[in-house]
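The values are calculated or read from the model by the stated rules, or taken from the named source; none is laboratory data. From a predicted model like this one, the values you see are computed outputs, not experimental measurements. Cβ placement follows ideal geometry from the backbone for every residue including glycine, while neighbour counts extend to all protein chains displayed. Heads up: the accessible areas ignore ligands, DNA and RNA and are worked out on the full protein's heavy atoms, side chains in. Shrake-Rupley method; radii C 1.70, N 1.55, O 1.52, S 1.80 Å.
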Amino acid sequence: MLRLGITGGIGSGKTLVCSIFQHLGVPVYNADTRAKWLINNHSELKSKLIKQFGEATFKEGLYNTAHISAIVFGNPSQLALLNDIIHPIVFEDWKQFCNAHNTAPLVIKEAAIMLETDSKFTVDKIALVYAPLAMRMQRVIVRDGLSEMDLMKKIKSQMPEEDKLKLVDFVIINDGEESLIEQVKGLYKELLSL
Ligand code: ATP
């Protein structure tokens, strides 16, 4: 079984690319969605978070993003502590997902942040979904109703796409011109022949 990581900046089209792979029958694990689910449902993870960041980490039983953001925003050591608690549990969950699909020739892990963390070591190959900045901004502003300023803050907090291009095995261009379906089908075929 080959484990493919799919990453890319906000609004690059990762989810769209993964949905095409899913249509081809490839099991897809969305690390960001799954991490959110685990934070609210994994009792050991919840206890560790409360121990580190206080009772206010959960409000009426639900993860209190505002509380955690206030602690970790602009504080790399606190952010590292948060990641050190969450990441191993998500990695274990991903391992279980792979085991559950061990007859599939290919499985995909989708994550916005992959090249920046140890997540890159949990896959065999990595594909970057790449779209021009202006296009990503336009798509996210329409999708999320974010202001241009808030979106720029998010984009600036992520690794520049030009740096990511040098670190990945494959690139899927999502510029509205090259067919996404054809690129995904081509990559799927290439991966199965490895
Ligand atoms: P995020 O990191 O924010 O989750 P993402 O990389 O998963 O974003 P998508 O959610 O797949 O990106 O795409 C962002 C938005 O742009 C969505 O509303 C999606 O439908 C739209 N979009 C993506 N690619 C295209 C395309 N080629 N043509 C038209 N719309 C697109």
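Data table
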{"item": "Mean separation of Cα contacts under 8 Å (6+ apart) over length of the chain, as relative contact order %", "result": "38"}
{"item": "Dipole in debye (nearest 20) - segment 33-100, about Cα centre, beta carbon charges: Lys, Arg +1; Asp, Glu -1", "result": "60"}
{"item": "Among the listed pairs LYS109/LYS156; LYS51/LYS164; LYS120/LYS156; LYS59/LYS156, those beyond 27 Å (Cα-Cα)", "result": "LYS51/LYS164; LYS59/LYS156"}
{"item": "Alpha carbon convex hull of segment 44-125, projected area averaged over orientations, nm²", "result": "6.5"}
{"item": "Computed over segment 33-100: relative contact order in percent, which uses C-alpha pairs under 8 Å that are six or more apart", "result": "30"}
{"item": "Tilt relative to the chain, helix 148-157 - C-alpha long axis, 0 to 90 degrees, to 10", "result": "90"}
{"item": "Loop sites in segment 113-194: GluC sites (Glu not before Pro), DSSP, at most 16 other Cβ within 10 Å", "result": "GLU116, GLU177, GLU178"}
{"item": "Fraction of accessible area attributable to carbon and sulfur, the chain (%, probe 1.4 Å)", "result": "56"}
{"item": "Rg and Dmax [Cα atoms of the chain; Å; Rg one decimal, Dmax integer]", "result": "17.5, 51"}
{"item": "Volume per residue of the C-alpha convex hull in segment 112-194, rounded to whole Å³", "result": "109"}
{"item": "Between 0 and 90°, nearest 10: helix 180-192 axis offset from the chain longest Cα axis", "result": "90"}
{"item": "Solvent-accessible heavy-atom area per residue, rounded to whole Å², over the chain at 1.4 Å", "result": "56"}
{"item": "Under 15 Å, Cβ to Cβ, from GLY186 - net charge with Lys/Arg +1 and Asp/Glu -1", "result": "-1"}
{"item": "Directionally averaged projected area (convex hull, Cα atoms, segment 77-139), nm²", "result": "6.0"}
{"item": "Computed helical MRE - 222 nm, the chain, DSSP H runs ≥ 4 contributing -39500 (n - 2.57), nearest 500", "result": "-16500 deg cm²/dmol"}
